[in-house]
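A quick write-up on the structure given underneath.
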Amino acid sequence: MSPRKRKNPNIFVIDGPSPPQKRNVRRSGQRPDVPIGTFLDLELERPAPPLIDAKTQKEPVKAGETEAYSDFISKFEVKRSIIIEEVVRDCFQALPLCGTCQVTAHVHNPFHWTEVWERKFYRRKSLRDLGLVICLGHNGAACPASTPPALTPFVVIYANGIHNVLMSFCQCYGCPNRYVQLLRAKLFPATFDNPKTAFSFAVMKDFHMHTLCSKKSAYDYYAKLVRQTSDIVPASTNDRYRELLRASRIWMDLEASRRCGEAHGITNNLPPFAATRVRSPLCPACPQLGINITEEELAKADPAKPHLVALYLGGDGNFTLSAKKKNVDANDVGLLRGRGFFPDQTHFTNYIRTHEDMKLCHHRFSLSFKLGAAGVDGEGVERTWAEHNQLGGSTKEMNPGHRLDCLEAHFTDWNWKKQRDMIPFLCRRMISARKHLQHCQEYFDNLSVAFGPRVDRWKVQPEYLERTDGSFCSVYRFPDEAVPSQRHAADRLRDEEETALESIAAAIGRAERGDSVSFIQLGIALEECLQFNRHWMN
């Protein structure tokens, strides 16, 4: 092939497709962030040196090539990995820059991954491999008191993976401790004494939101970070799973302290009952004495409408969230220590032991027997378990203190969502209550007419009668002598059956003993076992 002459007499190319046409690009003095095609145009437009002479020591030019083209090929292979092909994949519309410019441009984004062209493929590298050092205490600049800077190998867990970086702490006189410098840089240290691992605030917030919304465990979340770092050889990454457990637990406690106002001194303005349970958000729609209602307002309340100033509290047990019976760390205690939903266990046990007869609790506190309770939704506490049962797989393996802290965080988030959606919810309930008010009133009036004069007698009777022995008897509860127990009922049926059998035997001349009562008792016991099994399966 013979050279083909172009408009520029100093440029000769081999026969074949012409190089790309000239584009509008940035001129000299600007950053070398031009595309590969433009870089090719710029190289081709430079004046070419004389053709190769036989006396030169350079490699002979191939047939049909010029000196300019061969020089360009050799220079391009070197420059493409230095200037063109270093791209940061975490930046939006990232420009290709050289390694030095990438480090300079990422002083405030040191946890991005870069991709460097290795002649045949892109290799992912960290900014540390390009020479980046994270300097703390001087807005990204090196500390003037440390020359040369003291470099500390550090592991930082960011939202896009696990990074091995070089950290340079401030060494100025009177500088804060290292963990304080990390916190000011929005890095949460795994320990306060000589930290070597930190989690970015972004990854702590991300994990906190993930576990609240999807009930994702720390193990699954850290597995995601490992795969983001190296999905080919996960074992090559640093194992900081235990550090994530410790740091996330403290992070959730700090978040709860900030959101409830405890960190801002709100307990100084709350009554004692609310100050001691400050981590449990109070319902703004319910009357809270000393907060949204006073004793004077309670005294002036209409006795015929006690529900307007009544405080409804619900309680329920959950067997799906029970702890697994295994060896645990007895020294692991909850960070709240009774200031949240779970009371202090010692005080709670003493209260249960000194409480009155539990058999009368239903008759004393049931909403079915409370004046003004009406159709209160007492099953609201049951609905929480449909979502929180998803935590059972992870919380049952935790130590007792960690388990309580985790449940506290999720219960608090549930209450926050209820408060957030409370206004439209109460509006819908108000509309529904107005629709059913007339129907319920008609049903109650008809029921009162059916019972006749007994209604007037019931109205004058007190709800609770105090006996001389100190126990209580409710008008809604049948006396023990009026309702026989199952054992007494079975004995009575057996006696009646034996009497009947004796009469039949005397009539027909022979006695046959039946066992229908035992059969009935066996059926009752079987039904109780079935109900017990259903309860545990659910």
Which trypsin sites (Lys or Arg not before Pro) in region 243-311 pass both tests, a DSSP loop state and at most 13 other beta-carbon atoms within 10 Å?
LYS300
Restricting to Cα pairs under 8 Å and 6 or more apart, the percent relative contact order of region 312-444 works out to 42
With label points set 7 Å from each Cα along the Cα-to-Cβ direction at HIS307 and SER368, the distance between them in nm comes to 1.7
Probe 1.4 Å - accessible area at SER200, Å² to nearest ten:
0
Net charge (Lys, Arg +1; Asp, Glu -1) of residues whose beta-carbon lies under 10 Å from that of TRP113, TRP113 excluded, is +1
So the label point goes 7 Å from the Cα of GLU296 along Cα→C-beta, right? Which residues of region 244-275 then have their backbone N under 19 Å from it?
271
I'd like the FRET efficiency for LYS435 and PHE341, computed as 1/(1 + (r/R0)^6) with the beta carbon distance as r and R0 of 41 Å, rounded to 0.05.
0.75
Would you check the accessible area of PHE273, probe 1.4 Å, heavy atoms only, in square angstrom rounded to 10?
100
Quick check: net charge around PRO153, other residues with Cβ under 12 Å of its Cβ, Lys/Arg +1 and Asp/Glu -1?
+2
Can you sort HIS388, HIS488 by solvent-accessible area, 1.4 Å probe, largest first?
HIS488, HIS388
Which pairs break 24 Å Cα to Cα here: LYS196/LYS324; LYS300/LYS435; LYS196/LYS224?
LYS196/LYS324; LYS300/LYS435
Calculate the length of the line joining the C-alpha centroid of region 249-308 to that of region 85-131, in whole Å.
52
Lys and Arg at +1, Asp and Glu at -1: neighbours of ASN164 with Cβ under 15 Å from its Cβ sum to +2
Quick one: which residues, 5 or more positions from LYS125 or on another chain, have an amide H under 5 Å from its amide H? H modelled 1.01 Å from N in the peptide plane, none for Pro or chain starts.
THR114, GLU115, VAL116
GLU295, GLU118, reordered so the largest accessible area comes first (probe 1.4 Å)
GLU295, GLU118
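To the nearest 20 debye, what is the magnitude of the charge dipole of region 238-300 about its Cα centre, counting +1 on the Cβ of each Lys and Arg and -1 on the Cβ of each Asp and Glu?
So the dipole magnitude of region 238-300 works out to roughly 320 debye.
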At 1.4 Å probe size, what's the solvent-accessible area of ASP377? Round to the nearest 10 Å².
60
Using the Cα centre as the reference, give the magnitude of the dipole from point charges on the C-beta atoms of region 312-444 (Lys, Arg: +1; Asp, Glu: -1; all else neutral), rounded to the nearest 20 debye.
240
Multiply the residue separation of CYS91 and HIS488 by 0.36 nm, subtract the distance between their alpha-carbon atoms, and state the gained length in nm to one decimal.
134.9 nm
If you count only protein heavy atoms with a 1.4 Å probe, what accessible area per residue comes out for region 312-444, rounded to a whole Å²?
72
Backbone HN-Hα couplings from phi across region 110-118 [Karplus 6.51/-1.76/1.60, Hz, Gly and Pro as x]
x, 10, 8, 9, 10, 10, 10, 6, 10
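The values are calculated or read from the model by the stated rules, or taken from the named source; none is laboratory data. Here the structure is a predicted model, which means the values were calculated and not measured. Here the Cβ is made from the backbone with ideal geometry for all residues, glycine too, and neighbour counts use every protein chain on show. For the accessible areas, the whole protein counts, side chains as well, though only heavy atoms, and no ligand, DNA or RNA atoms are used. Shrake-Rupley method; radii C 1.70, N 1.55, O 1.52, S 1.80 Å.
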